[in-house]
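Let me begin by presenting the structure, written as structure tokens, before commenting on it.
FYI, it's all coordinate maths here, none of it is from the lab. Predicted, not measured: the structure shown is a model, and the values here were computed from it. When we count neighbours, we look across all protein chains shown, and the Cβ atoms used for this are built from the backbone with ideal geometry, even at glycine.
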Amino acid sequence: MAEYEPWAASRAAEIIAVHAGQEGATLPILHALQQTFGYVPAQAIPQIAEALNLTRAEVHGIASFYHDFRSAPPGRHVLRLCRAEACQSLGADRLAAEVQARLDVDWHDTTGDGAVTLEPVFCLGLCAVGPSGMLDGKPLGRLDVARVKAALDAAR
């Protein structure tokens with residue numbers, strides 16, 4: 001599991017400064033902020049806008065358009081389940097519904113105890129072993145509820 005830094009405006013400013021000179025700097029900045037803090041803090045949006053001479057609305061629009069960016073800290077573990085057609089044909093929709101019910105969360109939600117955040121992902125390239133997913137960045141294949149539970153138990 002990734003260790004994230006606590007939010008700090010000064011740390012965000014450093015990250016923004018490193019990437020601000022790049023062409024198309026917005027996405028690299030957002031990725032670096034999420035890698036550092038575990039999410040893109042709302043407080044960073046005005047900092048990014050000012051550094052890149054964009055409006056806050058433009059930066060917010062970019063951050064909210066891409067599903068990979070979180071607007072809140074994730075749980076201690078992040079479970080991503082594939083939603084692409086190949087995995088759907090192998091039962092991914094049923095698996096997702098069962099996992100959501102078992103964890104009592106919807107997509108992009110975190111369990112009440114803060115242990116697991118559930119996120120959809122659209123193709124992990126693991127089509128031959130679908131339904132597939134990732135837990136804390138580690139690929140999982142041939143998933144069913146029992147395998148997901150075992151992976152989560154092992155991670156905890």
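Of note:
- HN-Hα J in Hz across the stretch 60-76 - Karplus 6.51, -1.76, 1.60, θ = phi - 60°, x for Gly and Pro: 4, x, 5, 5, 8, 6, 8, 5, 6, 8, 9, 9, 9, x, x, x, 4
- Relative contact order of the stretch 9-65, taken over Cα pairs closer than 8 Å and 6 or more residues apart, is 33 percent.
- At an R0 of 30 angstrom, the distance between the Cβ atoms of T55 and Q35 translates into a FRET efficiency of 0.75.
- Local net charge near P131, Cβ-Cβ under 10 Å (Lys/Arg +1, Asp/Glu -1): +2
- Long-range amide H partners of H77 with built H, under 5 Å: V116, T117
- Per the chain, cysteines lacking a partner by the 4.7 Å Cβ criterion: C123, C127
- Label corresponding to Cα extents along the principal axes in Å when calculated from the structure given, among (1) 50, 47, 27; (2) 48, 31, 22; (3) 68, 60, 38: (2)
- Length added when fully stretched, A155-F69, from 0.36 nm per residue minus Cα-Cα: 28.7 nm
- Taking the DSSP beta bridges with both ends in the chain, the antiparallel portion is around 55 percent.
- Cβ-defined net charge surrounding D144, 11 Å radius [Lys, Arg +1; Asp, Glu -1]: +3
- Remark: relative contact order (the chain) = 19 percent; criterion is Cα-Cα distance under 8 angstrom and separation of 6 or more residues.
- Karplus-derived 3J(HN,Hα), 6.51/-1.76/1.60, for each residue of the stretch 147-153, Hz, glycine and proline x: 5, 5, 4, 4, 5, 5, 4
- Using the empirical formula 2.2 N^0.38 Å as the baseline, the Cα radius of gyration of the stretch 77-155 reaches a ratio of 0.96.
- The stretch between F122 and E5 holds 39.4 nm of extra length on full extension. This uses 0.36 nm per residue minus the Cα-Cα distance.
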